[in-house]
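Shown next, in structure tokens, is the structure this report addresses.
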Amino acid sequence: MSTAKPIILTGDRTTGPLHLGHYVGSLRTRVELQHKAQQFLLLADTQAMTDNVGHHQKVTDNVVEVALDYLAAGIDPRLSTIFVQSQVPELAELTQYLLNLVTVSRLERNPTIKEEIRLRDFERDIPAGFLMYPVSQAADITAFKASMVPVGDDQLPMIEQTNELVRKFNSTVGDQILVECEAVLSAVTRLPGIDGKAKMSKSLNNAIHLGASADDIKKAVNRMYTDPNHLRVDDPGQVEGNVVFAFLDAFEPDATVLDDLKAHYRRGGLADSILKRRLNEHLQALLEPVRQRREQFAADRGEVMNILRQGTEKARLVASQTVYEVKAALGLNYFN
Ligand code: TRP
């Protein structure tokens, strides 16, 4: 029965705890999809190593943190398989074969990689492992023959590259071994930082973490950037580029209320403090049960490790079957 369900593979680099941007961009979708699909969730520690040389402890420490975020957000280990990338060597093996099907210049043209190279000031000194991580990501996805990948929109170039590799592999061996996949984006794909920067990110210090305390949430909402020209309550205000409205777009459940608030704000007469109070209430209601579940799991690390160990064993079984097929298709099955 479960084999009829679509297969999902997705995950996150383990460089820090997850925040509301992750929640809106992909985590919320994953929590819903786990009922309809067979979902594998990858703790991407190997990928995180590619740009954290010398900071490997940050990567390994955050494996548990991200696992706690998944469990806290409502990922149910009976429905989803959570596993650790570095503990599935079959993924590294598959990466090795896929690497022959892509050129260095194609990797350099990947828009996500290009942007990350710029952000990290690598210039020409790009670690080879970093440059090829889209191929390792393609291995993550194809090892599970996943057809759906819930991700934020910054990951779309990775999906495109994965599908190129799938087509290239299948045409090279003349058989349909690997499966193409589709990105599944959430309705609101990107949340700005609370400071108005385009992206919420831990390193920019503009994020609200899933484990944030009630007080942290309130302070973050109060710090949010609105319309700098909305000086008096009666002034007309601008909704576009207003961080509080970007958040209400993601978290206000009542669409009519949201439209009325926007109209009122544009006309003038609606105070920022009223909007912020409403947003704070929504965020508190959303994150309180998340924080409680996070604390419960954090108090039982042994149980979290059991979940990860069992998930990783299951993931290895699936990935090793695909690697077997890939190697056989390439004639790398001398002893069978
Ligand atoms: N690149 C993703 C990130 O930056 C993590 C990741 C690794 C991933 N492998 C994946 C996401 C496969 C989706 C599918 O967080």
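Working note: Cα gyration tensor of segment 1-157, eigenvalues times five, square-rooted, sorted largest first, giving semi-axes of 26, 18, 15 Å. If R0 is 22 Å, the Cβ-Cβ spacing of E288 and K219 corresponds to a FRET efficiency of close to 0.85. Let me make sure I get this right: for segment 97-188, a, b and c are the square roots of the gyration tensor eigenvalues over alpha carbons, sorted descending. Under 1.5 in a/c it's rounded, otherwise prolate if a/b > b/c, else oblate. Which is it? The shape class here is oblate. Once you sort the root eigenvalues of the Cα gyration tensor of segment 51-103 as a ≥ b ≥ c, which label holds: rounded (a/c under 1.5), prolate (a/b larger than b/c) or oblate (the other case)? The shape class here is oblate. By definition, a body whose alpha carbon gyration tensor gives a ≥ b ≥ c is oblate when a/c is 1.5 or more and a/b is not larger than b/c, and segment 1-59 fits this oblate description. Taking 0.36 nm per residue of sequence separation and removing the Cα-Cα distance, the V179/L99 pair yields an extension gain of 27.1 nm. Please state the Cα pair-distance histogram of the chain with 20 angstrom bins from zero: what percent is in each bin? Reading the bins upward from 0: 29, 53, 17, 1, 0. Can you tell me the relative contact order of segment 77-155? Whole percent, Cα pairs under 8 Å, sequence separation 6 or more. Once normalised by length, the contact order is 41 percent. I217 sits among other residues whose Cβ lies under 13 Å from its own Cβ, and their net charge, with Lys and Arg +1 and Asp and Glu -1, is +2. What is the sum of charges, Lys and Arg at +1 and Asp and Glu at -1, for the other residues whose Cβ falls under 15 Å from the Cβ of V31? It works out to a net charge of +2. Between D121 and Q310, the FRET efficiency estimated from the beta carbon spacing at R0 = 35 angstrom works out to 0.30. Extent of segment 214-295 along its three principal axes (Cα atoms, max minus min coordinate, largest first): 44, 25, 18 Å.
Here is what passes the span test in the chain: the DSSP H helices with alpha carbon length of 27 Å or more along the helix axis and a Kyte-Doolittle mean of -1.0 or above are 272-298, 301-329.
Computed packing ranks the peptides 138-144, 212-218 as 138-144, 212-218, most packed first, by mean other Cβ atoms within 10 Å.
Sequence-distant contacts, meaning Cα pairs under 8 Å at least 6 residues apart, place the relative contact order of the chain at 23 percent. Across segment 126-254, C-alpha contacts under 8 Å between residues 6 or more apart give a mean separation that, scaled by the residue count, equals a relative contact order of 19 percent. Note on H264 and K199: the extension gain reaches 20.7 nm, defined as 0.36 nm multiplied by sequence separation minus the Cα-Cα distance.
Bear in mind that the values in this text are calculations on the coordinates, not laboratory data. Quantities reported herein were computed from a predicted structural model and do not represent experimental measurements. Positions of Cβ are backbone-derived with ideal geometry, glycine not excepted, and every protein chain shown enters the neighbour counts.
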